[in-house]
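**Q** Please find one structure pasted underneath; my questions will follow.
Readers should treat all values here as calculations from the given coordinates under stated rules, not as data from a laboratory. These numbers were taken from a predicted model, which means no experiment stands behind them. Neighbour counts run over all protein chains shown; Cβ positions are idealised from the backbone, glycine included.
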Amino acid sequence: MNQQAIFCDRCGEAIGAHEQVILQIHGETHETSQAAEPQLTAIAAVRYHRDCYHALTGPQTD
Ligand SMILES: [Zn+2]
């Protein structure tokens, strides 16, 4: 198992391979997971846990 860990830019904790990840690349937001996109460890982007991203952007009211 040589999967590279990725870390959340808000809390600094590792983001698990099967957790949802929010990527911010050039101002665009993508929601994905390492399981779905193993190559995302190599992408230069800001990464957050889904919950951390929503904590930063405010509560969703739907
Ligand atoms: Zn986090």
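**Q** Once the convex hull of the alpha carbons of the chain is built, what does its volume come to per residue, in cubic angstrom?
**A** 89
**Q** Using helices alone, what [θ] at 222 nm do you get for the chain, with -39,500 (n - 2.57) per DSSP H run of 4 or more residues, divided over all residues and rounded to the nearest 500? Walk me through the numbers on the way to the answer.
**A** Working: 1 runs with 8 residues, N = 62.
Helices in the chain give a 222 nm mean residue ellipticity of -3500 deg cm²/dmol.
**Q** Val21: net charge of surrounding residues, Cβ under 13 Å, Lys/Arg +1, Asp/Glu -1, itself excluded?
**A** That works out to -3.
**Q** What ranking do Asp9, Asp51 get, fewest neighbouring Cβ atoms within 10 angstrom at the top?
**A** Asp51, Asp9
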